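Scroll down for the structure; my scribbles are underneath it.
Read the figures in this text as sums done on the coordinates, not as results from a lab. Because the structure is a prediction, the values reported are computed rather than measured.
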Amino acid sequence: MRKPITVADTRIPPNQMEEVGAHIKQLLNQHIIRKRSSPYAALIVIAQSRRTAKTPGAYVSTNKTAWFEIKIFFKKVKRDFKNRIVKDTLKVTIRPDEIQAIHRIPGKQGEHRPVIVKILNSEVKYRIMREKKNMPKQCTFRLVDDVTKSNMELITRLRDSDQLDSAWYFNCAVYGKTEVARRLKFDIFDDIAKRLK
């Protein structure tokens, strides 16, 4: 039998002991961690987050506990997106497995951080995005496509054209509408002038 790995205890400043103790007690109450007397049990390593170092009690664990915390957060955000936004607001029903990944990304200072969602396939995304136009005006959120830099540059070129009324991105493609209401699909390598002849 292998011997248990010896790890030195993490030193915590005396003035932070109470905050760390409250954090560990919270994890125990939520059944994220549990007490073990086995020498093979994983130690709890508590480290103050750099991003929230000035916030009292803002601690993240640097071992497997962090995974459980992230998993719980993921489930909550996933549930809110599926029920509050897609089902209640857009009136679209999707299965939980059709949301493959969801996480926050950096946003503007002082504002809510945006959330990026990975959907199972284009068909599911189309069902969601086509109902965007029916969102109530008083909605506190908005849905946008994750457009690449190349496609954004193409949309800008199309909007600058005198022969097009509008240009937009939808379902992984860029479209433009001519003055006679003709809709065309464009590629990033297209010669716009030739396409419009």
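Between ALA173 and ASN83, the contour length at 0.36 nm per residue exceeds the alpha carbon distance by 29.6 nm. For the residue pairs LYS108/LYS132; LYS149/LYS194; LYS25/LYS75; LYS82/LYS118; LYS87/LYS137, alpha carbon separations beyond 20 Å are given by LYS108/LYS132; LYS149/LYS194; LYS25/LYS75.
Restricting the calculation to Cα atoms, every distinct pair contributes to the Kirkwood radius of the range 149-195, found to be 10.5 Å. The alpha carbon gyration tensor of the range 76-157 gives principal lengths a ≥ b ≥ c with a/c below 1.5, which makes the shape rounded. Once the chain from MET17 to SER150 is taken as fully extended at 0.36 nm per residue, the excess over their C-alpha distance is 42.7 nm.
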